[in-house]
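Written out below as structure tokens is the structure these notes cover.
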Amino acid sequence: MANTYTQIHIHLVFAVADRASLIHSGVKDGLYKYMTGVVQRRGHKLLAINGMPDHVHLLIGLRPEMALSSLVRDVKAFSAKHVNDEHWMRNRFGWQVGYGAFSYSKTQIPSVIRYIERREQHHRVLTFREEYLELLKRFEVEYDPNYLFRWIDDDVADSGPARS
């Protein structure tokens, strides 16, 4: 075979450090535009981006030339640096360590885009913690509760879904 052909669609989810609610309406559009630019400059396609004040969802058409972990590292590092360099927030902004990455087929893309676009409605029913644990369960991702995102109301490891 002379060429490489791929179709890789990844739904990424990651949180603000300590799940602080820092992505308010005044910075949301600028942050999302900047994150989109990082993804595109790396040769990937951003299909959807949205989130809540404490976390973000991205749907990416991933090219195999770059490891997913490198892309996530760049998106998180460069976007946090941009927010801090522009002084968009009173305190230092950063992302938590870790992320969730879930793969979808092309036929599922429209429903995933709708899912990401409807974050506000979705979070009237589920907290981020509940949503994230639901994704891990749906995709049968094994995890150690001691190494999930650090929840701002926890000083200990996550023990399962609970309202925060």
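We did not get these values from a lab; they are worked out from the coordinates using the rules stated. All figures in this text were calculated on a predicted structure; none of them were measured in a lab. Here Cβ is always computed from backbone atoms with ideal geometry, including for glycine, and neighbour counts include all displayed protein chains.
By the count of other C-beta atoms within 10 Å, a proxy for reagent exposure, HIS82, HIS87, HIS11 are ordered fewest to most as HIS87, HIS82, HIS11.
Close amide H pairs (under 5 Å, H built 1.01 Å from N) link GLY94 with ALA17, residues at least 5 positions away or on another chain.
For segment 1-86, chymotrypsin sites (Phe, Trp or Tyr not before Pro) meeting the loop criterion (DSSP other than H, G, I, E, B) and having at most 14 other Cβ atoms within 10 Å: TYR5. Farthest towards the positive end of the charge dipole of the chain, among the residues VAL39, THR127, VAL16, is the Cα of VAL39, using unit charges on the Cβ of Lys, Arg, Asp and Glu.
Note: relative contact order over the chain, using C-alpha pairs below 8 Å and six or more positions apart, is 30 percent. Database remark: amide H of LEU47 closer than 5 angstrom to the amide H of LEU59, ILE60, GLY61 (H placed geometrically; neighbours at sequence offset of 5 or more, or on other chains; Pro and chain starts carry no H). Considering helices alone, the calculated mean residue ellipticity of the chain at 222 nm is -11000 deg cm²/dmol, with DSSP H runs of length four and up weighted by -39500 (n - 2.57) and normalised per residue. Among the DSSP helices (H) of the chain, those spanning at least 18 angstrom by Cα along their long axis with an average Kyte-Doolittle hydropathy of -0.5 or more are 25-41, 68-85; this is a geometric and hydropathy rule only.
In terms of surrounding Cβ atoms within a 10 Å radius of their Cβ, ASP54, ASP29, ASP18 rank from fewest to most as ASP29, ASP18, ASP54.
Modelled spin labels at PHE102 and TRP88, positioned 7 Å past Cα toward Cβ, are 2.5 nm from each other.
Computed from the Cα positions only, the extents of segment 8-147 along the three principal axes stand at 39, 35, 29 Å, in decreasing order. Each label was represented as a point 7 Å from its Cα along the Cα-to-Cβ direction; for GLN40 and ALA77 these points are 2.3 nm apart.
Lysine pairs, Cα distance under 21 Å, 8 or more residues apart or cross-chain: how many in segment 8-147?
So the count of such lysine pairs works out to 8.
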